[in-house]
Amino acid sequence: MSDQNLENTHENRRFRRISFVEAVQVVSEDVDGAEACSWEAQCIDISMLGMLLAVPEGFPLVIGTPFEVQLILAEDVMIEMPCTLVHIEGHRAGFRSEMMSIDSLTNLRRLLELNLADNIEVERELAELIKQSS
């Protein structure tokens, strides 16, 4: 196997391709009277514990900043995930999931089940999320 193929295999294991997401909006919270803003982004990887997004130039990359990430799955299906920015690498930003509504959690679980061959992984992440919330 060539070095290029090894690199591609490693990247495929590291990041999951997420199908069924039509659009991603990252919304800043209204903090200290500052007006809320939103940016379009691309979902690179997602789990119940957080996500990795490709963010546009000009996105405010300050660790610890709270955001709400809205993943539009269909015209009437959306995941609203309150998040905190936890790491930055170039134009990739990692967000840790905070508490989300039961509807969003249900939609996220279904999205993960459709994209992962291993439902045990989805169950493990759900258990970890519940543990963190307790």
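The values are calculated or read from the model by the stated rules, or taken from the named source; none is laboratory data. Predicted model only: the values in this text are computed from it and were never measured. Methodologically, a virtual Cβ is constructed for each residue, glycine included, from the backbone with ideal geometry; neighbour enumeration extends over all protein chains shown.
Laid out as a table, the results:
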item: Filter pass, Leu85 being crowded, with 20+ Cβ neighbours inside 10 Å and assigned to a strand (DSSP E or B); result: yes
item: Scope the stretch 88-113; condition without any contact (Cβ under 8 Å) to a residue 60 or more places away in the chain and part of a helix (DSSP H, G or I); matching residues; result: Ile102, Asp103, Ser104, Leu105, Thr106, Asn107, Arg110, Glu113
item: One residue from Ile130, Ile88, Ile44 being at pLDDT 85 or above, β-branched (Val, Ile, Thr) and out of contact with any Lys or Arg (no Cβ under 7 Å at 6 or more places or on another chain); result: Ile88
item: Evaluation of Glu98 against (1) modelled with pLDDT of 90 or more; (2) exposed (fewer than 12 other Cβ atoms within 10 Å of the Cβ) (one fails), failing number; result: (2)
item: Hey, Pro66 surrounded by fewer than 15 Cβ atoms within 10 Å (Cβ to Cβ) and either basic (Lys, Arg) or at pLDDT 90 or above (or both) or not; result: yes
